[in-house]
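Take a look at the structure set out below.
Please treat every number below as a calculation from the coordinates, not as lab data. Quantities reported herein were computed from a predicted structural model and do not represent experimental measurements. When we count neighbours, we look across all protein chains shown, and the Cβ atoms used for this are built from the backbone with ideal geometry, even at glycine.
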Amino acid sequence: MSILRDDNATQLAFSMHENKGVYALLLGSGVSRSAGIPTGWDITLDLVRKAATAKGEGEQTDWNEWYTDQFGQEPNYSQLLDELTTTASERRKILEGYIEPSEEEKEEGRKLPTKAHHAIAKLVSDGFVRVILTTNFDRLMEKALRDAGVEPTVITSEDTLLGADPLTHSRCYLFKLHGDYKDARILNTDDELTAYPDKYNELLDRILDEFGLVICGWSGEWDHALKAAISRAPNRRYPTYWTTRGPLIGEAQSLADLRRAKEVEIANADDFFHALQESVEAIQNSSKINPLSLELLINSTKKYIASKEQRINLDDLFAQEQQRLLAHLSDDAFEYNHKIDANELAVRISRYEACTEPLACMCGILGRWGGESEQHLVIDIIEAVMQQVERQNTGLVQLKRLGAYPAVLLLSTYCLGLVTAHKWEALHRLLLHNLKSSHQERDSKVFKLFPGAWSGGEKSVWNLLPKFSKNTKKIPFNMHLSGAIQAWSPHFVGTDPNFQILFARFELIGAFMHFVGSDLPTMEARHLANEQIEWMPLGHAVCSYDIGNALIAEFESETLIEELQMAGLSNQCRRILELFILNLKYHRRQERF
C-alpha cells in the first residue's frame, strides 16, 4: 500500500513543492467567508429580505422558504439584481455595502484578509504559486499579498489585461474573472456570466492548459463562462485538486470527472490553506541540510586538514559530499527542458545554492588552511560536476550553462580561501589548470568558470532576478554571487567586515590573469593610442567607485607587486602590472568614475 494513496491533501503538498510555480489557484466566495464577506447565496437571501421588508412583509425565519412559497421557485441572485437595479453602477453600489468594511467591522477584525489569504500569500512569496484565478470581487487577496511583500499583477477588466505585464514576467498574476467591486464593469448576472471576452478566454485557455489547478470555495454551479473554459481545457499535464465540504454534486461533479480532479475534504478554507502552506514549508525545510550536519562537516574538514594522519578521512569526506551533490544535481528539478523565466531562474539558483553550500564551505576551508597537495580534491569535484552537465545532450542552452553554477560556486569559495591566505601561486596554478571533459579530453581551463568569464553569467539572464528586475545592473551575476558566498564566508573567511573588498580582490586577480596572457607590444601600442588595452572580466572594482579606489591603491603597493611577481602571476614583468592598472582605470573612466 502507498503511504499517500488516500491522502490527497499531502499529495498536493508534495506535488506543489516538487513542481514549484505550476499550480494555479481558483478561489470562490467560500475563501472569503470567514472574513465576514457574504457569499452570493448570502447576498441573495439578504436582498430578498430587504425587498420583502420594503413591501411591508414581516421578519421571516427562513427567507428562502418564504420566497419559494410566494413565487414557486428558489430566489436567483442574477434575477434579483436584474429586478432591483438597471445599471452596472447600481449593482456595484449594492455590492460595495456587503464588501467594504465599516469602522466598527475593522475594529472587530471583519472583512479583512483571513488565515487562508495570508497562507496563500506566503505560498506566492516563496514561489510555490504564481497564478490566482478568483470569482471574488473583494480585495482581500491583494492586501494579503502586499502585506507579504508581493506586488501582484491584477487583472479586473479587458483594459487592465491589455496593459498588464505578461504572465511569464509576473511574480503573481491575480485574475479577477468577474471584476472588482469598485469597478462598475463587474460581471454578476446570468447574462453577464454567460460568456467572457475573447482575450479572457485566450488567457484562461492558456492557464488551464499549462498549470495544475487547486479549486477552493467555488461551487461550480453559476459561472457559465468559467465552467465552459474548464470544460474545453485540452490538457491535463498537472493534476486538479478540488476541495469540498461534502460530496460534489451536479455540474461540479461533472467538471471534476472531466478534469479527473482529486477531491480533498476540508473543514474550511482557512484550515486547508494554512495546513497546505505549512506542509509545503516543512517539505522545503527537510530538503535542506540540517544546520547541525553542516557544522559537523565544517568541523570535520578543519580537523582532518590539521593532521597528515587524517588525509584518508579528508579524502573520504570530500568524496562522500561529492556524491551527495551529484545525486542532487541529477534530480528532475534540474533538467534542462523548462522554459526560463524570472521565477524559474530564481528557483533554480536557490536550489543550486542549497545543495552546493556544504561542499562549497568545505572548499573554502581547504583554500584557506589546506596545502597544495589537497588542490586536486577541488579540481576533481569541479570536473565531476562539469562532466555531469556535459552528459546532458538535450535542453535549452541557457539552462545547460546554468548547470555549471555549482562548479562556479565551488571554484569561487576555494579561490576566496586562497585569496584570504594570500596563496597567489596556488591560485595561479588552479586557474590555468585544464579541466578533463566527459570525452576524456583536456580542453577547457578552470578560468572559464571565473566570474565575468563564465558563459552562464550573461547580464540578460541574471537581470531577470526580482531583486535586479526594476534596475538592471552591469554585473548582476557578480553581485548575486558575492551576496550568496558572503552568507557562507564566516566558515572560511571569518566575520570580515570588508568581505566586498575581499571578493573584489578575487575578481581583480582573475582579471589580471586574463590580462597577463596578452601580447605586450600590442598592449603598449593600444596604450599609446589611448585605447582599451585589453578586454578583461569586469567586477566590483570597475562598477564601485570606493572599492575600485581601494584596490588600485593595493595593486600599486610594493608589497602586493612583489608577492604577485614572486608567485609568477606577472611573468616577472613589472610593466604588465602597470599596464593592467592603466587598463583598469580606462574601464573605470568608461563607467564615468
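Structure summary
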{"item": "Assigned charges on the beta-carbon of Lys, Arg, Asp, Glu; the chain dipole about Cα centre (debye)", "result": "2120"}
{"item": "26 Å Cα-Cα reach of Lys50 towards lysines, excluding residues that sit fewer than 8 places from it in its own chain", "result": "Lys93, Lys106, Lys111, Lys182"}
{"item": "Tensor-based shape of region 40-107 (alpha-carbon gyration tensor, a/c under 1.5 rounded, otherwise prolate or oblate)", "result": "oblate"}
{"item": "Cα gyration tensor category, rounded, prolate or oblate, for region 103-183 with a/c compared to 1.5", "result": "oblate"}
{"item": "Neighbour-count order for Asp82, Asp159, fewest beta carbons within 10 angstrom listed first", "result": "Asp159, Asp82"}
{"item": "Candidate aspartates and glutamates - alpha carbon under 15 Å from Lys473, same-chain residues fewer than 8 apart omitted", "result": "Glu458, Glu591"}
{"item": "Label selected from (i) 34.9; (ii) 24.0; (iii) 25.4, the criterion being mean projected area of the Cα convex hull in nm² as computed here", "result": "(i)"}
{"item": "Sum of side-chain charges, Ile552 neighbourhood, beta-carbon under 15 Å (Lys, Arg +1; Asp, Glu -1)", "result": "-3"}
{"item": "Two-site label geometry, Leu258 and Asp205: point separation in nm, points 7 Å out along Cα→Cβ", "result": "1.5"}
{"item": "Modelled FRET efficiency - R0 22 Å, Ala354 with His169, Cβ distances, 0.05 increments", "result": "0.30"}
{"item": "Spacing of the two label points (7 Å from each Cα toward its C-beta) at Ser125 and Arg574, in nm", "result": "5.8"}
{"item": "Separation of the Ala195 and Asn498 label points, Cα + 7 Å toward Cβ, nm", "result": "7.2"}
{"item": "Stretch gain in nm, segment Ala529-Glu425, where the contour uses 0.36 nm per residue and the Cα spacing is subtracted", "result": "34.1 nm"}
{"item": "Residue pairs, from the table Lys20/Lys400; Lys176/Lys474; Lys20/Lys227; Lys303/Lys400; Lys303/Lys423; Lys115/Lys459, whose Cα atoms sit over 31 Å apart", "result": "Lys176/Lys474; Lys303/Lys400; Lys115/Lys459"}
{"item": "Region 399-549 shape via C-alpha gyration tensor axes, a/c threshold 1.5", "result": "rounded"}
